[in-house]
1. Quick check on the chain: what are the equivalent-ellipsoid semi-axes from the Cα gyration tensor, as sqrt(5λ), descending, whole Å?
2. Multiply the residue separation of L51 and V401 by 0.36 nm, subtract the distance between their alpha-carbon atoms, and state the gained length in nm to one decimal.
3. Could you list the trypsin sites (Lys or Arg not before Pro) in region 70-148 that lie in coil according to DSSP, counting only those with at most 13 other Cβ atoms within 10 Å of their Cβ?
4. Take the solvent-accessible surface of the protein heavy atoms, probe 1.4 Å, and return the percent of it on the chain that carbon and sulfur atoms account for.
5. Can you compute the FRET efficiency between K245 and R89 using 1/(1 + (r/R0)^6), with r the Cβ-Cβ distance and R0 = 56 Å? Round to the nearest 0.05.
6. How big is the accessible area of K313 in square angstrom, nearest 10, if you roll a 1.4 angstrom probe over the protein chains?
7. Mind checking the dipole of the chain: about its Cα centre, +1 per Lys or Arg Cβ, -1 per Asp or Glu Cβ, Debye to the nearest 20?
8. How tilted is helix 39-69 with respect to the longest principal axis of the chain? Cα atoms for both, answer in degrees (0 to 90, nearest 10).
Amino acid sequence: PSTEYEALKRKLHSGILEFWWFVSSEVKKIRKEAENFSPLLASKFNNILDLGIEHKRSLIKDVSGLNHADGYASWRQNEFEELSSLIQRRLDYLQNPSDCSKAKKLVCNLNKGCGFGCQLHHVIYCFIMAYGLERTLILKSKGWRYGVSGWESVFFPLSRTCTSANGSSHGPWRANGNVQVMNLPIIDSLTPRSKFLPGAVPNDIAGRLTRIHGNPTVWWIGQFLKYMLKYQPATKQMLDDFGRKVNFQNPIVGVHIRRTDKVGTEAAFHSVEEYMSHVEEYFQQLLVSQPVPQKRIYLATDDPKVFTEIRQKYPEYEVLGDAVISKSASLGNRYSRSSLDGIITDIHFLARTDFLVCTFSSQVCRIAYEIMNALVPDAADHFKSLDDVYYFGGQEPHYHVAVLPHTAKTPQEMNLKVGDILTIAGNHWDGYSKGSNLRSQVYASLFPSFKVQPKVETADFPTYPQVPL
Ligand code: GDP
């Protein structure tokens, strides 16, 4: 299939959703006004919403049907596997130099002062830099806050041949530095910046990647997690046992509810009802195409009370997960060895659901989403975030391009000219996004989301000719 065809299919899918979010939220606003003076009029708006959502589901079913009807499904699966295999083999080559004493190295310390998701993102950043600089990544993890014996207590080491940071010369980060062993600071302190930082994807695979995937950056990041998170036998055993205990099976929606210290500091409170309304819509959508004998969620949270609340309010749902895990995830013993097992378990199963409902302000959910995109072809739209759009913390600006002109209808909106470059602060999930226009220098202003398209950033990464295609 052509890149244009694949892109149009994805654009139709997101366009239908944006259209529905726009229409339904506008109708809801008018309905609210109508309720004050005419219950009859309000009920007519309800009818529009009721039939409208059915219409939306039917359209989504049809556009999703193209993926099977066009005869390219096995091509997509193969291409997804081949691209992944290529990157995994390159990483294997990079990480296993034949002579560790002479290898160029990049040293990264796992113990960034933050949570597990944040630490994994730190390692991903280091690993991407290592790939870009053609340096073997050396991960330091002794004294890890989640388990003093380090990374290897739960995951395999990142190399079979080279885990020592020894070398003839050591030095700090320099873009073209020549020391044998280079130390990498955290992403926020990296100066000068590097062209390899997310969301850039390698030029040599960008064409293939934009064809098969709706969010090349997420796919790229997922590949590093795929390489990193190789479970030690005991970890694998724990996950298998847990999966059997809760009887994990699809279809299932992953729900991550981040509360405790996050609420009011880095994110707003979102009610259980808000999460569950999106879960419900996932199943209503699925029901148009297949029977759903049992609605099921995998629930992960740092607030054990949420388990009781959801089970009480949604008795028709099977709620998988474990309140004991969420207890160890609440602040008291968050950074303990037992909380490590808990967070590994929750991320593992969230990533294996069919759809995620969560807040992308949390690194836990973003990690699960990234892993999900390494497991199944194009899972770019398998999520509903109640707050942020997807991003990688510390990333370079992610630009969007206006593909349709726009004339502002309210003072809160901006004008768009085709070709305008924008940064996006957030999608309001009501047909509008907020962002800044680099041409007109209008900042923090609204525009219709469907009138812009994300720009895929690429960089000249090394192409690893030693590794066959
Ligand atoms: P963020 O603060 O949500 O962006 O993510 P971090 O991973 O940086 O820090 C939050 C930490 O809280 C996690 O690493 C876990 O230790 C704990 N935590 C938060 N949510 C969950 C959850 O759903 N399950 C488990 N097991 N732990 C969680």
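The values are calculated or read from the model by the stated rules, or taken from the named source; none is laboratory data. Since we're looking at a predicted model, the values are computed, not measured. Cβ placement follows ideal geometry from the backbone for every residue including glycine, while neighbour counts extend to all protein chains displayed. Heads up: the accessible areas ignore ligands, DNA and RNA and are worked out on the full protein's heavy atoms, side chains in. Shrake-Rupley method; radii C 1.70, N 1.55, O 1.52, S 1.80 Å.
1. Values: eigenvalues 294, 155, 95 Å².
The three semi-axes for the chain are 38, 28, 22 Å.
2. Values: separation 350, 0.36 × 350 = 126.00 nm, distance 3.33 nm.
Difference between extended and current length: 122.7 nm.
3. Numbers: sites: R76, R89, R90, K102, K104, K105, K112, R135, K140, K142, R145; in loops: K102, K104, K112, R135, K142, R145.
Here the sparse-neighbourhood loop sites are K102, K142.
4. Values: 12010 of 21340 Å².
Whole-percent figure for carbon plus sulfur exposure: 56.
5. Working: r = 35 Å, r/R0 = 0.63.
So the FRET efficiency works out to roughly 0.95.
6. The accessible area comes out at roughly 100 Å².
7. Numbers: 53 positive and 47 negative charges, 202 e Å.
Dipole about the Cα centre, nearest 20: 980 debye.
8. Compared with the principal axis, the helix lies near 40 degrees.
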